[in-house]
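Nothing in this text is a laboratory measurement; each read-out follows from the coordinates by a stated rule. Just so it is clear, the model here is predicted, and its values are computed rather than measured. Here Cβ is always computed from backbone atoms with ideal geometry, including for glycine, and neighbour counts include all displayed protein chains.
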Amino acid sequence: MTDRHVIVTGAAGYIGSLLVSELLRLGYRVTAIDSLLYGGESLVPFLSHPNFHFAKADVTEARSVRDSLPRGWKKPSALFHLAAVVGFPACQAIGKPAAWRYNVQATQNVFEQAAGLGVEKFIYPSTYSVYGLSGDGQPVTEASPLNPQSLYAETKIAAEAFLQPAGAVIFRLATLYGLSPRTRFDLIVNQFVLDAYAKRELLIYQRGYNRSFVHVRDVVRGLLIGLTAPGGQIFNLGTPEGNYTKDQIVGYVLKRLPETMVQYKNLTFGGDMRDITVSFEKIQRELGFKATLTVDDGVREVVTALKTGMIRNPSDERYRNAHFIVQ
């Protein structure tokens, strides 16, 4: 595989750092691009790997990808574009012009550079929040109407509208959980575990809302399948077994941390009103994808990491994509 060269933008992030590790394990040469906004510790173990090349770059810059390529390697055959402002709190915090610049204009910039380099496969993670609220209560499919409830979802829809006709492979990710070299604690499952462990209490909003969840390692497996997936296609990336209400997630947390006190507040937040069940039939049928990990697995590993001190300062801002969190 060493003649296969792939690019990963946002390589130091929650998904990117795991993806880089797996690509190297599979024998790919990897050019990892990141601005290091949240640090680069997640990539330090790869610095001595002969198939790893890192470039610090801002993907909003016109030649960010072209100028990041190492000399002597074959041209890249695929690009995973993970660099983005992720989540509605982070997008709201920086405002629409900046969110649009990073999530839409930068995506177009990266795609155009990739096309100019002859990259054959452009793989892009979107989000199932593009569906918003389900009007009829039926599981949403890739053909369902889009009903964005947040600025984040709007930026993803705009990027999809450009990428799909151009032949990109697009994955609409369920809500992630689990550990990675750059773990995040501003995601529901991980955040619930942290609050239960650190505070011995959980305060839950939007109690009955149903969402879809998938482990970050299964997301990486799905993205890798994108290397051989047909271009111009959209796939919901998750698992039918990952559709849960918040009460069910709380149940898994209490199983591991039974001393936790749980309080509910009848309060909702605008901007991310997802209350849907997602269909993952297409990705199973066409790409053969099946998840290997469950929410219970994710809760167990996060609890273990906290209890053993493997993660010592989980409240540090580097574990979050915004300065505030909404449950």
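Here are a few things to note about the model shown:
- Over segment 5-319, relative contact order from alpha-carbon pairs under 8 Å, at least 6 apart, %: 19 percent
- Of K96/K265; K255/K307; K199/K307; K96/K246; K121/K156, pairs whose Cα-Cα distance is over 21 Å: K96/K265; K96/K246
- Segment T277..H49, full-extension length gain: 77.9 nm, with 0.36 nm per residue of separation and the alpha-carbon distance subtracted.
- Along segment 37-54 the Karplus relation, 6.51 cos²θ - 1.76 cosθ + 1.60 evaluated at θ = phi - 60°, assigns HN-Hα couplings of 4, 10, x, x, 4, 5, 9, 3, x, 9, 4, 8, 6, x, 9, 10, 9, 10 Hz to successive residues, with x for each Gly and Pro.
- Efficiency of FRET from Cβ geometry, R285 and W73, R₀ 35 Å, rounded to 0.05: 0.45
- Residues with amide H under 5 Å from that of L117, placed H, sequence gap 5 or more: none
- Highest-MSF residue in the chain out of G226, G132, G251 [GNM, Cα springs under 10 Å]: G251
- Tilt relative to the chain, helix 188-199 - C-alpha long axis, 0 to 90 degrees, to 10: 50 degrees
- Sequence-distant residues sharing a close amide H with L176 (under 5 Å, placed H): V214
- In the chain, the DSSP beta bridges split such that about 10 percent are antiparallel, to the nearest 5.
- Residues with amide H under 5 Å from that of Y264, placed H, sequence gap 5 or more: I204
- J(HN,Hα) series, segment 232-243, from Karplus relation 6.51 cos²θ - 1.76 cosθ + 1.60, nearest Hz, glycine and proline x: x, 10, 10, 10, 6, 10, x, 9, x, 6, x, 8
- Most mobile listed residue (D297, D275, D34) in the chain, GNM with C-alpha springs under 10 Å: D297
- Shown in residue order for segment 72-80 are the 3J(HN,Hα) couplings computed by the Karplus curve 6.51 cos²θ - 1.76 cosθ + 1.60 at θ = phi - 60°: x, 8, 5, 4, x, 9, 8, 9, 9 Hz (x for Gly and Pro).
- Backbone N under 20 Å from the A161 label point (7 Å along Cα→Cβ), restricted to segment 101-140: 101-112, 124-133
- Projected label points at N266 and Q248, each 7 Å from Cα along the beta carbon direction, are separated by 2.5 nanometres.
- 20 Å Cα-Cα reach of K56 towards aspartates and glutamates, excluding residues that sit fewer than 8 places from it in its own chain: D34, E41, D67, E112
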